[in-house]
Amino acid sequence: MNKIRILWVDDEIDLLKPHILFLEGKNYEVLQCRSGQEALEELAEQQVDIVFLDENMPGISGLETLNEIKVMNASLPVVMITKSEEEFIMEEAIGSKIADYLIKPVNPNQILLSLKKNLDHSRLVSEKTTSNYQQEFRKIAMDLSMVNSYAEWANLYRKLIYWELRLEEIEDPSMFEILESQKVEANSQFGKFVERNYADWFQDADAPVMSHTLFKEKVFPELKEGPTLLVVIDNLRYDQWLAFEETVGTFYKKESEESYFSILPTATQYARNAIFSGLTPLDMEKKYPDWWKNDTDEGGKNLFEDKFLGAQIKRLGLDIKWAYHKISSLKQGRHLSQNFKSQKDNDLTVIVYNFVDMLSHSKTEMEVIKELASNDKAYRSLTQSWFKNSPLLEIIQQAQTMGLRLIITTDHGTINVKHPSKVIGDKETSLNLRYKTGRSLTYEEKDVLEARDPKSIYLPSINVSSSFIFAKNDLFFAYPNNYNHYVSYYRNTYQHGGVSLEEMIIPFVVLRPK
């Protein structure tokens with residue numbers, strides 16, 4: 001194994017002999033220079049791993065040398081060492097992207113720590129992360145066998161996402177495969193939990209907050225704290241929220257981050273209409289037949305969200321000024337951003353943003369998006385890139401300057417589907433890949449959560465004999481005819497409508513302006 005090579009630049013290098021011997025004893029190779037000019041000549045000839053650079057030298061100063069080094073090799077880590085504690089020198093050095101800043105006199109252990117921090121950082125983080133996950137793996141495995149409440153499932157899901165993001169950073173394929181197997185097992189157990197408990201949640205006082213109770217339980221109480229911007233980003237998973245949380249944090253401080261549960265099907269026409277109406281799909285059909293559309297009905301399924309919201313506000317007896325905006329294109333987003341100041345007198349401003357949903361559908365239909373979002377890591381990265389460059393971020397910046405509180409949430413999540421499950425239905429059967437409703441459905445019972453009586457889970461029936469089935473785990477429904485083409489087309493795409501941690505356990509985040 002090659003030794004790590006250090007270039008140490010100091011006009012009093014002879015006084016540093018004990019430090020150099022200490023490092024050589026630790027198996028580092030130390031090249032020595034007495035001036036900035038000599039260091040630049042050395043770097044033109046030699047490859048080194050790191051530079052220790054004295055700030056105060058005759059001839060070319062440390063800061064001037066630093067700038068020249070960065071021109072030669074911008075990625076070479078440089079540790080500035082100085083007697084001076086003057087703030088402007090620190091600022092100059094930090095602005096030039098130094099790797100570390102040490103003040104004389106330095107001791108050998110400070111030097112060693114700086115080396116490890118800059119050269120061994122990735123390895124040390126990787127080893128520590130792997131070790132910690134190995135310990136946590138056993139605890140998660142034990143939790144999986146015991147978890148038996150919706151709150152415990154929400155906590156376990158957050159823990160799995162935490163480790164997914166940590167292991168992703170260190171790029172250890174073996175550890176990542178272990179985590180993936182835990183996620184598969186977790187979704188299998190979660191599907192059984194939902195099957196046992198979901199119907200009872202509509203009657204139980206201890207039920208989780210769900211789509212149709214979100215406004216009453218979570219959103220409206222926040223309005224007492226002041227004017228609020230509610231952003232509902234369609235199809236947003238918990239891990240995708242974490243991908244751009246830091247960007248939001250530039251303007252807003254997080255007050256709370258909770259999970260709530262999407263109703264089934266975890267699909268826009270059901271879950272998002274339930275949010276804005278404050279009603280189950282069955283009750284929406286009964287109360288507002290002109291606004292509710294079933295799967296087989298013609299026309300858009302989410303055209304009356306503003307009317308649903310107005311009716312809910314009136315039903316709850318709230319005397320507030322509110323506005324609703326739906327953004328489905330860049331042009332619409334820019335228009336709202338340019339005119340957002342007009343919302344300043346509202347108690348509640350609601351924005352439904354459809355980009356993530358469009359992204360998941362594009363992944364199904366466009367090869368270039370399949371390449372860009374080939375897995376969850378890439379999917380998160382694409383979401384983050386969109387958010388940083390979107391009109392939505394501009395709107396959030398304006399909301400902060402206007403002093404608006406901010407709520408970010410979604411209607412349901414989405415899951416990367418891997419395995420097909422055969423289903424047969426008549427021509428009236430709905431088209432969604434993660435749920436089906438219709439008559440005479442034939443399917444693999446082990447693959448689905450079935451609702452033979454839709455009313456038992458507050459869903460309308462298209463026909464008297466209609467039932468619903470929801471795909472579990474990472475399955476997607478496929479018809480027997482043209483089966484191989486169909487499976488090849490939809491495998492490894494992001495779908496929603498079924499039962500999984502990713503689709504059902506979704507974020508509700510409250511933030512206040514900085």
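Readers should treat all values here as calculations from the given coordinates under stated rules, not as data from a laboratory. Small disclaimer: the values here were computed from a predicted structure and weren't measured. Here Cβ is always computed from backbone atoms with ideal geometry, including for glycine, and neighbour counts include all displayed protein chains.
Brief remarks on what is shown
- Cβ crowding within 10 Å, taken as a proxy for footprinting-reagent exposure, orders Glu257, Glu503 from fewest neighbours to most as Glu257, Glu503.
- CD proxy at 222 nm, helix term only [per DSSP H run n ≥ 4: -39500 (n - 2.57); per residue of the chain; nearest 500]: -14000 deg cm²/dmol
- Extending 7 Å from Cα along the Cβ direction at Ser145 and again at Arg512 yields two label points whose distance is 4.5 nm.
- Tensor-based shape of the range 458-514 (alpha-carbon gyration tensor, a/c under 1.5 rounded, otherwise prolate or oblate): oblate
- Annotation note: GluC sites (Glu not before Pro) in the range 271-350 located in DSSP loop regions with a Cβ neighbour count of at most 11 within 10 Å are Glu298.
- Ranking of His325, His419, His485 by count of other Cβ atoms within 10 Å, fewest first: His485, His419, His325
- Each of Gly25, Ile469, Asn155 was placed along the dipole of the chain (beta-carbon charges, centred on the mean Cα), and the one lying farthest toward the positive end is Ile469.
- Residues Val350, Val184, Val219, Val71 in ascending order of nearby Cβ atoms (within 10 Å, fewest first): Val71, Val184, Val219, Val350.
- Cα-based shape type of the range 4-119, given that a ≥ b ≥ c are square roots of the gyration tensor eigenvalues and the cut on a/c is 1.5: rounded
- Our compactness index for the chain, the C-alpha radius of gyration over the empirical 2.2 N^0.38 Å, is 1.22.
- Percent antiparallel among DSSP beta bridges (both partners in the range 351-508, rounded to 5): 75 percent
- Applied to the range 279-295, the Karplus parametrisation 6.51 cos²θ - 1.76 cosθ + 1.60 on θ = phi - 60° returns per-residue 3J(HN,Hα) values of 10, 6, x, 4, 6, 4, 4, 6, 7, 10, x, 6, 9, 8, 10, 7, 4 Hz, with x for Gly and Pro.
- Total charge dipole magnitude, the chain, about the Cα centre, Cβ charges on Lys, Arg, Asp, Glu only, Debye to nearest 20: 2000 debye
- Prolate/oblate/rounded label for the range 365-514 (Cα gyration tensor, a/c 1.5): oblate
- Residue-wise HN-Hα couplings along the range 393-409, as the Karplus relation 6.51 cos²θ - 1.76 cosθ + 1.60 with θ = phi - 60° gives them from phi, are 5, 4, 5, 5, 4, 5, 4, 5, 5, 7, x, 7, 5, 10, 10, 10, 8 Hz; Gly and Pro carry x.
- The convex hull around the C-alpha trace of the range 416-496, projected and averaged over every direction, spans 5.1 square nanometres.
- Pairs exceeding 24 Å between alpha-carbon atoms, taken from Lys218/Lys326; Lys254/Lys344; Lys216/Lys388; Lys192/Lys293; Lys183/Lys216; Lys159/Lys253: Lys216/Lys388; Lys192/Lys293; Lys183/Lys216.
- Size of electric dipole in the range 151-291: Cβ of Lys, Arg +1 and of Asp, Glu -1, about Cα centre, debye, nearest 20: 540 debye
- Here the label points at Asn155 and Thr250, each 7 Å from Cα along the C-beta direction, are separated by 3.5 nm in the simple model.
- Cross-link reach is defined here as a Cα-Cα straight distance under 22 Å, omitting same-chain residues fewer than 8 places apart; for Lys97 the lysines meeting it are Lys70, Lys83, Lys116, Lys117.
- Each residue of the range 436-450 is assigned a 3J(HN,Hα), and the resulting list reads 9, 9, x, 9, 6, 6, 10, 7, 7, 4, 5, 8, 9, 9, 10 Hz, derived from the Karplus form 6.51 cos²θ - 1.76 cosθ + 1.60 (θ = phi - 60°), x at Gly and Pro.
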